[in-house]
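First the structure, in the form of structure tokens, and then the observations on it.
The values are calculated or read from the model by the stated rules, or taken from the named source; none is laboratory data. Model, not experiment: these values are computed from the prediction. Neighbour counts are summed over all protein chains in view; Cβ atoms, including those assigned to glycine, are modelled from backbone coordinates with ideal geometry. Ligands, DNA and RNA are excluded from the accessible area calculation, which covers all protein heavy atoms including side chains. Shrake-Rupley method; radii C 1.70, N 1.55, O 1.52, S 1.80 Å.
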Amino acid sequence: MALLGAQLVITLIMVSVIQKLSPHFSLARWILCSTGLTRYLHPTDDELRKLSGVPREKNKSKKDKRNGHVEQEKTTTTFHVPRSLDIELETTNISPFDIVHLRYYTEYQWLVDFSLYAAIVYSLSEAYHFFFPLKEEFNLSMVWCLLVVFFAFKLLASLTIQYFQSEESIGERSTCIVTGLVYLLIAMMILIVPETTLEVGLDRAYTSFNESASNFLEAQGLNSSGPASNIVVKFFIAVSCGILGALFTFPGLRMARMHWDSLKFCQDRVWLKFILNLSFAMPFLLVLLWIKPLTRDYLTVRVFSGMSAPILSAEAFETIRLGAVVFAVLLRFMLMPIYLQAYLNLAYQRVEDQKKEAGRITNVDLQKKISSIFYYLCVVTLQYVAPILMCLFFTLMYKTLGDYTWTGYLKEALPLDECSVEEEAVQQTVAAATSGTETAEEDEGNILSTAQTIQLSLQSLKAVFTKDVYRGLFGFATWWSCFIWFAATSLGMVYQSYFTKS
């Protein structure tokens, strides 16, 4: 395995770019501050007094004994105003100084910026490997992708934990628990669906992993039929699916509310409304691409009248499926400013709805009601970007580790002679490892033999995780993330349709 290659060079260059460029450019900051987003300013106390006719109280004063002069007492005065007060909110563009102190801004900035750098590393690596395929070199771009998935999962978990720590979030806590159990049940049902219907590749992955692991253990002198049973493996996969589904619940509900509001603000823009609906429906279309009778058999097996071959080859279908996920994610990112502006417009909507209510409200509560929308902006952006980033980088890992290509053709297999030579080399390697072990026992001072044994053991361990294992693992992760992405947003749309006034 090459210790220093193009992978390491690309990674080191990108680390240097991050150190130099991060203080000057941030994609996360650009999305919030340079795409025309505007926020609503709450009225001041003087404006509320003037509109409601509440007289202004005299500022209480106290004498500073040390300096001998009178100071005004800086206390916030609370007074009541009618809820039906005719308030006109002022707007202003969001600036970097406005968002730097918002909660979860640092986490949001790190996730989005690191995802951009990871995508660049992945793109450069894919371009390089297109001309110079990997041999024994480790693909470091997969480490970048895995880190993005880990950071997104960690932040979603952090946001969900907030509902369990607050005493006022009993409803949200119950919702997370119920949806997690429902997704666990759904995952158990899906995992028993045969591969002829839902081709996630888990059965083939388990068979390949079990055989490779058994061979590896036998090469080490251990007798084993496999590391774990198929039922145990699928149970832990179902539990992971339930946890991930619970984390996607509130981001999906938030996304549905922003989509609902976005459609209300673009009634006269037909094309924008079409694109918004297309973006919302894309996760459902992605889910269908893994249902074999509806897509693969229809496009790659069936021969229509007047045609001599199916519409697509199996390799082209895989490429289209991967490209569809990337397209859906990029479309969501392009529409992100529209959705975020729809969320910021909730401040205006709250004031308009309040005008129809009777009674009175304090000035502090009214100001908090308006300003809290903006203060929660970075949390909303995290709920928006984290799920789609997980879907994207699961797909990238599925493509690379599953040995697919973006051109629609699988990599060419080794010729028969080369395969025979390779199999013979593997057999010689195992024999050398065995003899090397015996030699090491006889002569413990033979460092070279020990090093060769360790290297051969690592190569054997690497052979356990085959192409089929990665295809099953990340193929199912990609499909499940798209499925709960669609399920959570659909649940939110049902809620908006039945419990929200049009």
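List of remarks:
- Region 75-104 residues that are farther than 22 Å from residue 362 by Cα, paired with ones that are modelled with pLDDT of 90 or more and part of a loop (DSSP other than H, G, I, E, B) (beta carbon under 7 Å, 6 or more apart): 94/37
- In region 15-124, counting only helices (runs of 4 or more DSSP H) that sit wholly within it, none holds 3 or more residues that are in contact with a helix residue (DSSP H, G or I) (Cβ under 6 Å, 6 or more places away or on another chain) and modelled with pLDDT under 85.
- Among the numbered conditions (1) part of a helix (DSSP H, G or I); (2) open to solvent by 10 Å² or more (accessible area, probe 1.4 Å); (3) among the aromatic types (Phe, Trp, Tyr); (4) more than 30 Å from residue 41 (Cβ to Cβ), the only one that residue 304 does not meet is (1).
- Of the candidates 339, 348, the single residue that is more than 20 Å from the chain's Cα centre (by Cα), under 25 Å from residue 252 (Cβ atoms) and part of a helix (DSSP H, G or I) is 348.
- Residue 248 meets the stated requirement of being at pLDDT 90 or above, under 22 Å from residue 398 (Cβ atoms), crowded, with 17+ Cβ neighbours inside 10 Å and within 26 Å of the chain's Cα centre (by Cα).
- Among the residues of region 349-362, the one identified as farther than 18 Å from residue 88 by Cα and open to solvent by 50 Å² or more (accessible area, probe 1.4 Å) is 358.
- Number of the condition not met by residue 199 [criteria: (1) modelled with pLDDT under 90; (2) over 20 Å from residue 290 (Cα atoms); (3) open to solvent by less than 40 Å² (accessible area, probe 1.4 Å); (4) not polar (S, T, N, Q)]: (2)
- Within region 332-343, residues that are touching a residue at least 60 places away in the same chain (Cβ under 8 Å) reach partners that are among the polar types (S, T, N, Q) and open to solvent by 10 Å² or more (accessible area, probe 1.4 Å) with beta carbons closer than 9 Å, at six or more positions or on different chains, in the pairs 336/35; 337/35; 340/35; 341/35; 341/38.
- Some residue of region 142-151 being assigned to a helix (DSSP H, G or I), free of Cβ contacts under 8 Å to residues at least 60 places away in the same chain, touching an Asp or Glu at 6+ places or on another chain (Cβ under 9 Å) and at negative phi: yes
- Residue within region 363-377 that is open to solvent by 60 Å² or more (accessible area, probe 1.4 Å), charged (D, E, K, R) and farther than 20 Å from residue 484 by Cβ present: yes
- Residue 291, sole failed condition from (1) within 23 Å of residue 398 (Cα to Cα); (2) out of contact with any strand residue (DSSP E or B) (no Cβ under 9 Å at 6 or more places or on another chain): (2)
- Only residues that are aliphatic (A, V, I, L, M), modelled with pLDDT under 85 and open to solvent by 40 Å² or more (accessible area, probe 1.4 Å) were counted in region 457-479, giving 3.
- Residue within region 139-148 that is modelled with pLDDT under 90 and of a type in the set (Gly, Ala, Ser) present: yes
- Members of region 316-366 found to be closer than 29 Å to residue 402 by Cβ and touching a His at 6+ places or on another chain (Cβ under 6 Å), listed by number: none
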